[in-house]
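Following: one structure in structure tokens, then a few remarks.
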Amino acid sequence: MKTSNDYYNIIQVKEGVYHIGSAEGVFMDLFVGSKQALLWDTGYGFGNLRHTVETLTDKPLIVVNSHGHLDHACGNFQFKDCPVYMHLKDKSSYEYFNSKDARRDNIERVKNTEEGLPSDFDEEYYIHAPIKDTIEINEGDQFDLGGITLTVKEVPGHTAGSIGLIYEEEQWFYAGDAMNPFVWLFLPDAQPLSVYLETLEKAKTFACKKLCISHHAEALDYAILDSFIRCAKELDYASGIPFENMLFPQYIARICPLKGADQSLIGQPECPAVVISEDRL
């Protein structure tokens, strides 16, 4: 079993850019410029992400959360001396998912998985760790790290306050969960399908080359947005597949895949799907 310090897998994308994966299937990204570094999301916080980051850089660190969900911002407490940015519209979700009860639920779910928790995981510390305050971030805010420039874009849909980052020098868009082959639009903070579609159309105007998302190990060709848009426009809720969701079984949703795609590949880039509740149509 892994310890907290070796819990994460590091993929070096290019010089100064790292894709950091966890056992729960969520990825964080670290950008290291000549002046400072920026960490994009903090995951569940089960492993010692701070230690992992410090093996890669000693530059002053900024943390930016793509949104407030448990698998993207529950590790914020490990960065108590760093500025942490999040859109104000996701503050309530962030506070809910970082409550003591929600953290206990996180632990119980992972205990029952094959990967399990790190061998030296401190349950009480995790449960009672203070909620890290966040700084408001908005469309157009920019981080100049020194040779790496990241520009904030508001991309609501998955949540009201979802944001993405354009890595200007490479024309890559880091979207978090805002757009991906298995996007969720059914939790209480999810926006209507029309808002998600507007976000996809907006993202098309960014003229980027690659789409980098938080639940996939590799960057996707930016043209995949065309299939995401078609999936949303042609969505057929009545023919959707009931979604069996262990994380949030209290919410009823259906998986609505891209028409004409190989449905044995639902949720893969070859067959994107929208997981949506009837009230978000």
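The values are calculated or read from the model by the stated rules, or taken from the named source; none is laboratory data. Quick caveat, the model's predicted, so the values are computed rather than measured. Cβ sites come from the backbone with ideal geometry, for glycine too, and all protein chains shown count toward neighbours.
Quick notes on this one:
- Residue within segment 40-56 that is more than 25 Å from Y125 (Cα to Cα), hydroxyl-bearing (S, T, Y) and surrounded by fewer than 23 Cβ atoms within 10 Å (Cβ to Cβ) present: no
- For A238, the conditions (1) outside any helix (DSSP H, G or I); (2) over 18 Å from the mean Cα position of the chain (by Cα) are fulfilled apart from (1).
- The residue pairs whose first member lies in segment 100-122 and is at pLDDT 90 or above, whose second member is part of a helix (DSSP H, G or I) and surrounded by fewer than 14 Cβ atoms within 10 Å (Cβ to Cβ), and whose beta carbons are closer than 6 Å, counting only pairs six or more residues apart or on different chains, are I107/E123.
- The lone criterion from (1) surrounded by 15 or more Cβ atoms within 10 Å (Cβ to Cβ); (2) in a helix (DSSP H, G or I); (3) among the charged types (D, E, K, R) left unmet by D226 is number (1).
- Complete set of residues in segment 168-187 that are within 16 Å of the chain's Cα centre (by Cα) and farther than 18 Å from A253 by Cα: W172, F173, Y174, A175, G176
- S93 vs. criteria of a type outside the set (V, I, T) and either in contact with a Ser or Thr (Cβ under 9 Å, 6 or more places away or on another chain) or at pLDDT 95 or above (or both): yes
- Once segment 146-175 is narrowed to residues that are small (G, A, S) and in contact with a helix residue (DSSP H, G or I) (Cβ under 9 Å, 6 or more places away or on another chain), the residue that is farthest from K14 (Cα to Cα) is A160.
- Some residue of segment 138-160 being of a type in the set (S, T, N, Q), loosely packed, with under 15 Cβ neighbours inside 10 Å, part of a strand (DSSP E or B) and without any contact (Cβ under 8 Å) to a residue 12 or more places away in the chain: yes
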